[in-house]
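The values are calculated or read from the model by the stated rules, or taken from the named source; none is laboratory data. Just so we're clear, the structure is a prediction, and the values are computed from it rather than from any experiment. Cβ: placed from backbone, ideal geometry, glycine included. Neighbour counts: every protein chain shown.
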Amino acid sequence: MEPDGTLIRNVDEFLKQTTDPEYKQIFRIPVDIDITMQPETDVIELKEFSERNIKKFTVKPEMRLRFTLGLVRFGRHVLNRRIRGLIDRDIIWEGGLEMPRITLFSRYRNGNCVTSKYVYAGDETGFALEHRKTIQVFKHPRDEEVKINY
């Protein structure tokens, strides 16, 4: 419990494959990314919407249990380096090289989903945080309840 009385939430993920005798905890490897140079790889999926000048970076579905997007760079500028407790992150780049706007969607083990929007503020300053919104995904223990109907 936090000093202010709020509960501390910590989501641990486990997976049991059909060949596994027991559940194993999931630990993801953060992959650092420079979105100005990042091609599609075996791990990273890149979707380009050229008519709207938008690029979306995600981890490929078949790799999401092993990897997550970690430190995010735009050239020499670091946008976000927070990876502690990170479960998943998606990145959207709009505006091309001239007027870049970057949005990060990050989900953390504490149950928070954080949307961070960055705008380019010039070569010296780099990027400025325009907006950040945090939503608690798990607010109460009942949010985690699983019901199975047979």
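Being surrounded by fewer than 12 Cβ atoms within 10 Å (Cβ to Cβ) and touching a helix residue (DSSP H, G or I) at 6+ places or on another chain (Cβ under 9 Å) is a description that applies to ASP42. When segment 103-115 is limited to residues that are in contact with a Gly (Cβ under 8 Å, 6 or more places away or on another chain) and surrounded by 15 or more Cβ atoms within 10 Å (Cβ to Cβ), the one that is modelled with the lowest pLDDT turns out to be ASN110. Per this entry, VAL43 is not counted among residues that are among the aliphatic types (A, V, I, L, M) and in contact (Cβ under 8 Å) with a residue 60 or more places away in the chain. Beta carbons closer than 6 Å, at least 6 apart along the sequence or on distinct chains, pair a first residue in segment 65-82 that is without any contact (Cβ under 8 Å) to a residue 12 or more places away in the chain with a second that is assigned to a strand (DSSP E or B) for ARG81/LEU71.
Scanning segment 18-37 for residues that are assigned to a loop (DSSP other than H, G, I, E, B) and either in contact (Cβ under 8 Å) with a residue 12 or more places away in the chain or within 16 Å of PHE74 (Cβ to Cβ) (or both) turns up ILE26, ARG28, ILE35, THR36, MET37. Scanning segment 64-102 for residues that are within 18 Å of ARG52 (Cβ to Cβ), surrounded by fewer than 18 Cβ atoms within 10 Å (Cβ to Cβ) and touching an Asp or Glu at 6+ places or on another chain (Cβ under 9 Å) turns up just one, ARG101.
The number of residues in segment 38-95 being of a type outside the set (Val, Ile, Thr) and not in a strand (DSSP E or B) comes to 22. For segment 6-27, the set of residues classified as out of contact with any Gly (no Cβ under 9 Å at 6 or more places or on another chain), β-branched (Val, Ile, Thr) and closer than 19 Å to LEU86 by Cα consists of ILE8, ILE26, listed by residue number.
Among the residues of segment 8-17, those identified as in a loop (DSSP other than H, G, I, E, B) and in contact with a Lys or Arg (Cβ under 9 Å, 6 or more places away or on another chain) are ARG9, ASN10, VAL11, ASP12, GLU13, LYS16, GLN17.
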